[in-house]
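Q: What follows is a structure written as structure tokens; I'll ask about it next.
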Amino acid sequence: MKKGYLLLESGRVFQGVRVGASSSVMGELVFNTSMTGYQEIMTDPSYAGQIMTFCYPLIGNYGINLHDNEHARIEMQAVLFSNLCRVPSHYQSVMNVDQWLKRSGVPGLANLDTRAVVKAVRRSGTMKAVISDLPDAASIDWEQSLPTAMVAKVSSTKTTVYEGNGPHVVLIDYGYKKSMLQALLAEGCKVTVVPYNTDAETVKSLQPDGVMLSNGPGDPIQLQPLFGEIKKITSTYPTLGICLGHQLIALAYGASTGKLLFGHRGANHPVKALATGKVWMTSQNHSYVVEKDSVDQTQFSISYLNVNDGSVEGLTHRQLPIETVQFHPEAHPGPDDTHPTFTKFIHMMKQSKGEANHAITY
């Protein structure tokens, strides 16, 4: 097995064994605490441009199947493992993770001290990192920019319609996960998936009952040219924003965003619903958050807060039918405690059409 090295911008070097593609790459170093669902995590487009560390020490024991991808391909720069299983055991498995990475052209490192890597990120924050065949961090040009325009890279380039008998939802694709689409289809919705830069006039021509803004990678401020169109769309139709979609709606209405030290990535993040006092366990994957003091509370009320750090986890518009959540109600992987977020959105569309007149809570 060939040696490989993880070089950190801070100067630290970690030795491992090469898996996946043999290329050398640079990316933003992050970590995920989930114990299961590695296939769904690795195909989440929100990781585009990042080198992702699995905290859980054993990955790959049930292999890779043909059903659990959340996106057509792996968009991560690279993946880091402690113990990567090469002989999986599951009746649906068609290959192991190493083979999958090679086919996908994505490099990785195994037999790595992932606990030490995570401690370094928690101490210093997300930083640049490189996977290399040589252990010389001083030879890297750390001034070079990380990949940008990630949303354009992962978004759909054409409009796709999924038929249904219920409300018609336009899903704006900033890098949506398949489970979001499936959650809407399971509720009977007709769903039209459109590219991330679709304007308000095009959305109007589709005659939707509601609009959903999906998750996606990168700094939301990079999409500033779209804020005006986002505000037009969301002020016209019942809207649900998830993760990046939540941040974009907040920015479009004048709030600001900031970057967490090492982000929220995992399947056990506690979130408190302020209206009821209930605490939900949620799946999350993000670096950026809406800054609490920047929210115009004459327009929006803060609906959810993160129990661990008090960061904003959701907003509700006081006059318009707009709901946003920072967490992932579709989970995959993770708990489905907050799946009723979709039910609430559908009820909101029906109320807007005059098909429902009572409130829904959960």
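The values are calculated or read from the model by the stated rules, or taken from the named source; none is laboratory data. In this text, all values refer to a predicted model and were calculated from it rather than measured experimentally. Note: ideal-geometry Cβ built from the backbone for every residue, glycine included; neighbour counts use all protein chains shown. Side chains are part of the model used for accessible areas, which takes the heavy atoms of the whole protein and leaves out ligands, DNA and RNA. Shrake-Rupley method; radii C 1.70, N 1.55, O 1.52, S 1.80 Å.
Q: Please go through segment 173-192 and give me each residue that is closer than 20 Å to residue 74 by Cβ, over 12 Å from the mean Cα position of the chain (by Cα) and hydrophobic (A, V, I, L, M, F, W, C), ordered by number.
A: Passing the criteria: only 181.
Q: If you go through segment 217-229 one residue at a time, how many are open to solvent by less than 10 Å² (accessible area, probe 1.4 Å) and either outside the structural domain of residue 298 (by the TED database) or farther than 16 Å from residue 312 by Cα (or both)? Lay out the reasoning, then the answer.
A: First, the residues of segment 217-229 that are open to solvent by less than 10 Å² (accessible area, probe 1.4 Å): 217, 220.
Narrowing further to those that are either outside the structural domain of residue 298 (by the TED database) or farther than 16 Å from residue 312 by Cα (or both): 217.
Going through segment 217-229 one residue at a time, the tally reaches 1.
Q: So, one more: Taking residue 72 as meeting all but one of (1) among the small types (Gly, Ala, Ser); (2) in contact with a Lys or Arg (Cβ under 7 Å, 6 or more places away or on another chain); (3) open to solvent by 50 Å² or more (accessible area, probe 1.4 Å), write down the number of the exception.
A: Residue 72 satisfies every listed condition except (2).
Q: Would you be able to tell me the number of residues in segment 236-246 that are touching a strand residue (DSSP E or B) at 6+ places or on another chain (Cβ under 8 Å) and open to solvent by 20 Å² or more (accessible area, probe 1.4 Å)? Can you show your working first?
A: Restricting attention to segment 236-246, the residues satisfying the condition of being touching a strand residue (DSSP E or B) at 6+ places or on another chain (Cβ under 8 Å) are 237-246.
Narrowing further to those that are open to solvent by 20 Å² or more (accessible area, probe 1.4 Å): 237.
Total satisfying the criteria: 1.
Q: Restricting to segment 223-254, name every residue that is closer than 9 Å to residue 200 by Cβ and touching a Leu at 6+ places or on another chain (Cβ under 6 Å).
A: 230
Q: Here is a follow-up. What residue, of 41, 74, 51, is in a loop (DSSP other than H, G, I, E, B) and under 28 Å from residue 327 (Cα atoms)? Walk me through how you get there before you give the answer.
A: On the way: 41 fails: in a loop (DSSP other than H, G, I, E, B); 51 fails: in a loop (DSSP other than H, G, I, E, B).
Every option except 74 fails the conditions.
Q: Just to confirm my filter: which strands (runs of 3 or more DSSP E) fall fully inside segment 252-362 and include at least 2 residues that are in contact with a strand residue (DSSP E or B) (Cβ under 8 Å, 6 or more places away or on another chain), of a type in the set (Ser, Thr, Tyr) and open to solvent by less than 30 Å² (accessible area, probe 1.4 Å)? Before you say what the answer is, go through the steps one by one.
A: Working: elements: 257-273, 279-290, 300-306, 312-317, 322-325.
Output list reads 279-290, 300-306.
Q: Enumerate the strands (runs of 3 or more DSSP E) found wholly within segment 156-213, keeping only those where 3 or more residues are without any contact (Cβ under 8 Å) to a residue 40 or more places away in the chain and open to solvent by 10 Å² or more (accessible area, probe 1.4 Å). It would help to see each step written out before you state the result.
A: Details: elements: 160-162, 168-173, 190-195, 210-213.
Hits in segment 156-213: 160-162.
Q: Could you pull out the residue among 311, 352, 283 that is touching a Gly at 6+ places or on another chain (Cβ under 8 Å), closer than 21 Å to residue 125 by Cα and not charged (D, E, K, R)?
A: Values: 311 fails: touching a Gly at 6+ places or on another chain (Cβ under 8 Å); 352 fails: closer than 21 Å to residue 125 by Cα.
Result of the check over 311, 352, 283: 283.
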